[in-house]
Amino acid sequence: MNKEEKYRLLTEQIRSLIEGERDVVAVMANVAAAIHETMGFFWTGFYRVMPKGGSHEGSGQELVLGPFQGPVACMHIAFGRGVCGAAWQRKETIVVPDVEQFPGHIACSSLSRSEIVVPLFSKEGEVTAVLDIDSKELATFDETDRRHLETICRLFESL
């Protein structure tokens, strides 16, 4: 089965999994597991936009680790920092063929070689989380991954 076919089946599986569910964290957990199992990526998970813990700055926000599959990960990521923070800031998907070439890349694992980060949006168009996927191989992610993962992330808008 090619990548396109895997993603089509995966998207239908995720639609069925989350139908009627309103708990976003539960949905993130199952979506991360489904993507990780189906596609065989190194790390698959979510970072949620949350208020900074203990911040004296008032209403500052950061990305906080959410449900994931894979080895331990960074727990907090600042706005605009690394691939995840940049996708949040730009409000767009970022595909990185070689993480060593991405300025400011945060190396949670030295085994990660390529990455894709897809933002999730509220109904009002604000980023609420990002889906972060890492691969041990260079140039793993392409337009097929972008298109299908963006479709999967749009499913969260109905929660």
Cross-chain or 6+ apart pairs with Cβ under 7 Å, the stretch 64-87 first and open to solvent by 30 Å² or more (accessible area, probe 1.4 Å), then part of a helix (DSSP H, G or I) and among the hydrophobic types (A, V, I, L, M, F, W, C): Phe68/Ala32; Gln69/Ala32; Gln69/Ala33; Phe79/Trp88; Gly80/Ala86
Residue count for the stretch 88-111, restricted to those that are buried (at least 23 other Cβ atoms within 10 Å of the Cβ) and among the hydroxyl-bearing types (Ser, Thr, Tyr): 0
Lone unmet requirement of (1) of a type in the set (Asp, Glu); (2) in contact (Cβ under 8 Å) with a residue 60 or more places away in the chain; (3) open to solvent by 30 Å² or more (accessible area, probe 1.4 Å) for Asp132: (3)
Yes/no for Ile133 being outside any loop (DSSP other than H, G, I, E, B), out of contact with any Lys or Arg (no Cβ under 6 Å at 6 or more places or on another chain) and more than 21 Å from Leu10 (Cβ to Cβ): no
Odd one out for Val118, checked against (1) open to solvent by less than 50 Å² (accessible area, probe 1.4 Å); (2) more than 25 Å from Gln13 (Cβ to Cβ); (3) of a type in the set (A, V, I, L, M, F, W, C): (2)
Which numbered condition Val49 fails, given (1) outside any loop (DSSP other than H, G, I, E, B); (2) touching a helix residue (DSSP H, G or I) at 6+ places or on another chain (Cβ under 8 Å); (3) over 30 Å from Glu5 (Cα atoms); (4) open to solvent by 30 Å² or more (accessible area, probe 1.4 Å): (4)
Any chance Ser158 is of a type in the set (Ser, Thr, Tyr) and open to solvent by 30 Å² or more (accessible area, probe 1.4 Å): yes
Failed item in (1) open to solvent by less than 20 Å² (accessible area, probe 1.4 Å); (2) in contact with a Pro (Cβ under 6 Å, 6 or more places away or on another chain); (3) part of a loop (DSSP other than H, G, I, E, B), with Ala139 passing the rest: (1)
Selected residue [in contact with a helix residue (DSSP H, G or I) (Cβ under 6 Å, 6 or more places away or on another chain), at pLDDT 95 or above, closer than 20 Å to Val118 by Cβ and small (Gly, Ala, Ser)] from Gly66, Gly85: Gly66
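The values are calculated or read from the model by the stated rules, or taken from the named source; none is laboratory data. Quick caveat: nothing in here was measured; it's all calculated off a predicted structure. Note that each Cβ is placed from the backbone with ideal geometry, even for glycine, and that neighbours are counted across all protein chains shown. Heavy atoms of the whole protein, side chains included, go into the accessibility calculation; ligands, DNA and RNA do not. Shrake-Rupley method; radii C 1.70, N 1.55, O 1.52, S 1.80 Å.
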